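> Quick one: structure below, then a few questions.
Nothing in this text is a laboratory measurement; each read-out follows from the coordinates by a stated rule. Small disclaimer: the values here were computed from a predicted structure and weren't measured. Neighbour counts are summed over all protein chains in view; Cβ atoms, including those assigned to glycine, are modelled from backbone coordinates with ideal geometry.
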Amino acid sequence: MQNPSVAIVILNWNGRNFLEKFLPSVLASTYTHKKIIVADNASTDDSVEFLKVHYPQIEIIKNNTNEGFAKGYNTALKQVRADYYVLLNSDVEVTPGWIEPVIALMESDTGIAACQPKLLAYNNKELFEYAGACGGWLDNFGYPFMRGRIFDYCEKDNGQFDDVAPCFWASGAAFFVRSAVFHELKGFDEYFFAHQEEIDLCWRAQLAGYKIYVQPASVVYHVGGGTLPKGNSLKAFLNFRNNLIMLCKNLPPEVALWKVPIRMQLDALSAWRGLLSGDRGYFFAICKAHLHFIGWLFSGKRQSVFPVKKGGKPAGFFKGSVIWAHFLKKKNTFSEIIGSK
């Protein structure tokens, strides 16, 4: 019996250097029934020419404009036929057998909609990686954190998260998803442009009755910050704006009514903390995010992509506050956080 078909789709924007460095590891993947596609988001460097010359076996999909992560993938994946999509960042080094454990897990349970491998830092392979670590969680006020990473603190990988486990969200840096489910849920919310669209999709998937998992038997190494580096004002703006939109979309209305204002107050505290420490860009990014969120509430875009239904109960949800546990109680590791209230 033939393995399910897998399409590894790498969204690229001016990432010729990353393609040159990391495509060889992707091509060395041992999974047999796979194809590799680069979806180019209207790059202005020589990415496309480089691929045509050095990797003629790789399919290229050319988007007309830089549509960001969300719409860029939506546009590309409408043109891709496969049982599973693997959305892979261009700055990820994979290991030869990274696909097989994830597909085996997802084939063993048709309820699993999406899954991620263990993500370690490319520049320090003993540490979990900032953007992925080992499975994403969400706290009571919508702040994302991970098994292996709490805000800026990344744990050392000592095998503490080597169990296959359900989680709230899977990292977009190496995101395995059933193609049928991706299209059933209408893909990513394109209004997000970039950042947290995968959390929103995973939340919607769980509300529709599906599960999200992490499979640590698969290991990849992520550079991170390839397009928008950590600390970038646009990154902060997108993260804060999109998180508020995500809460408003996916929480029951009666819960969102009180939880979103509290979240905005917590954001404001973070903004003032940034300003007082000299980071004016961060302060104004959060102010702009709140203004754009309010604009979204009263715009036609509010109906963009809402949950298919709200019947499922998400896993990987922390009923406490990760802000309280980390910044006030000085808990740095996932195990400490989950054990605290």
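> Per-residue ellipticity at 222 nm for the chain, helices alone: DSSP H runs ≥ 4 residues times -39500 (n - 2.57), over residue total, nearest 500 deg cm²/dmol? Could you put the intermediate results ahead of the total?
Numbers: 10 runs with 122 residues, N = 341.
For the chain, the value works out to -11000 deg cm²/dmol.
> So the label point goes 7 Å from the Cα of residue 57 along Cα→C-beta, right? Which residues of the stretch 1-15 then have their backbone N under 15 Å from it?
Within reach of a label on residue 57: 8.
> Turning to a different aspect of this structure: Top mean-square fluctuation among 43, 299, 270, Gaussian network model of the chain, C-alpha springs under 10 Å?
299
> Once fully extended, how much extra length lies between residue 46 and residue 232, figured as 0.36 nm per residue of separation less the alpha-carbon to alpha-carbon distance? Intermediate results must be reported in sequence, preceding the final value.
Working: separation 186, 0.36 × 186 = 66.96 nm, distance 2.48 nm.
Difference between extended and current length: 64.5 nm.
> Any idea what the alpha-carbon Rg over 2.2 N^0.38 Å comes to for the stretch 3-110?
Values: Rg = 13.7 Å, N = 108, 2.2 N^0.38 = 13.0 Å.
Normalised by 2.2 N^0.38 Å, the Cα Rg of the stretch 3-110 equals 1.05.
> Something else about it: If you place +1 on the Cβ of every Lys and Arg and -1 on the Cβ of every Asp and Glu, how big does the dipole about the Cα centre of the chain come out, in debye to the nearest 20?
Here the size comes out at about 1080 debye.
> Could I ask something else about it? Taking only the alpha-carbon positions of the stretch 138-260 and ignoring solvent, what does the Debye formula give for the base-10 log of I(q)/I(0) at q = 0.18 Å⁻¹?
Log10 of I(q)/I(0), two decimals: -1.16.
> Taking amide H positions as placed in the peptide plane 1.01 Å from N, state which residues far from residue 112 in sequence (5 or more) or on other chains have amide H under 5 Å from it.
Hits under the 5 Å cutoff: 211.
> Stretched out fully, how many nm does the piece from residue 65 to residue 104 gain, at 0.36 nm a residue minus the Cα gap? Mind dumping the intermediate values first?
Working: separation 39, 0.36 × 39 = 14.04 nm, distance 3.61 nm.
My answer for the length gained is 10.4 nm.
> Could you tell me how many degrees, from 0 to 90 and to the nearest 10, lie between the Cα long axis of helix 16-27 and the main elongation axis, the longest principal axis, of the Cα atoms of the chain?
Tilt of helix 16-27: around 60 degrees.
> Just the projected area, averaged over all directions, of the convex hull on the alpha carbon atoms of the chain: how many nm²?
Values: hull surface 67.1 nm².
Over all viewing directions, the chain projects a mean Cα-hull area of 16.8 nm².
> Now for a separate question. For the chain, give the share of DSSP beta bridges that are antiparallel, in percent and rounded to the nearest 5; count only bridges with both residues there. Walk me through the numbers on the way to the answer.
Values: 22 of 47 bridges.
About 45 percent, rounded to the nearest 5.
> By how many degrees, 0 to 90 and rounded to 10, does the Cα axis of helix 280-297 deviate from the longest principal axis of the chain?
It works out to around 90 degrees.
> For 286, 61, what ranking results if the residue with the fewest other Cβ atoms within 10 Å of its Cβ goes first?
Details: 286 24, 61 19.
If I rank by nearby Cβ atoms, fewest first, I get 61, 286.
> Can you find, among 260, 282, 299, the residue farthest towards the positive end of the dipole of the stretch 233-307? Put +1 on the C-beta of Lys and Arg, -1 on that of Asp and Glu.
299
> Could I have the simple spin-label model distance between residue 276 and residue 164, label points 7 Å from Cα toward Cβ, reported in nm to one decimal?
4.8
> I need 328, 11 ordered by Cβ neighbour count within 10 Å, fewest first. Numbers along the way, then the final one.
Working: 328 9, 11 27.
Lowest to highest Cβ neighbour count: 328, 11.
> If you don't mind, another one. If I take R0 = 30 Å and measure r between the Cβ atoms of residue 123 and residue 180 in this structure, what FRET efficiency does the formula 1/(1 + (r/R0)^6) give, to the nearest 0.05?
Working: r = 37 Å, r/R0 = 1.22.
The pair residue 123/residue 180 has a calculated efficiency of 0.25.
> Convert each backbone phi in the stretch 259-270 into a coupling constant with the Karplus relation 6.51 cos²θ - 1.76 cosθ + 1.60 (shift: θ = phi - 60°), then list the ³J(HN,Hα) values in order as whole Hz, x for Gly and Pro.
6, 5, x, 5, 4, 5, 5, 5, 4, 4, 4, 5
> Right, here's the next one. Between residue 313 and residue 329, what length comes free when the chain is fully extended (0.36 nm per residue of separation minus the Cα-Cα distance, one decimal in nm)?
Residue separation times 0.36 nm, minus the Cα-Cα distance, leaves 2.9 nm.
> Quick one: go through the stretch 183-199 and flag any residue whose amide nitrogen is under 17 Å from the point 7 Å out along the Cα-to-Cβ line of residue 81.
183
> Among the trypsin sites (Lys or Arg not before Pro) in the stretch 13-103, which ones are in a DSSP loop with at most 11 other Cβ atoms within 10 Å of the Cβ? Mind listing them? Walk me through the intermediate numbers first.
Working: sites: 16, 21, 34, 35, 52, 62, 71, 78, 81; in loops: 78, 81.
Here the sparse-neighbourhood loop sites are 78, 81.
> Taking only the alpha-carbon positions of the stretch 157-212 and ignoring solvent, what does the Debye formula give for the base-10 log of I(q)/I(0) at q = 0.22, 0.24, 0.28 Å⁻¹?
-0.88, -1.00, -1.26
> Most exposed first by the Cβ proxy, i.e. fewest other Cβ within 10 Å, how do 27, 201 rank? Don't skip to the end; give the middle numbers.
Working: 27 14, 201 29.
With the sparsest Cβ surroundings first, the list reads 27, 201.
> Further question on the same structure: Per the Kirkwood formula on distinct C-alpha pairs, the Rh of the stretch 233-307 is how many angstrom? Before the final figure, lay out the partial values.
Working: mean 1/r = 0.0785 Å⁻¹.
Taking every pair of different Cα atoms in the stretch 233-307, averaging 1/r and inverting gives 12.7 Å.
> Next up: Say the dipole of the chain comes from +1 at the beta carbon of Lys and Arg and -1 at that of Asp and Glu; which of 19, 188, 90 then lies farthest toward its positive end?
188
> Using amide H atoms built 1.01 Å from N in the peptide plane, name the residues 5+ places from residue 139, or on other chains, whose amide H lies under 5 Å from its own.
So residue 139 has HN proximity to 145, 318.
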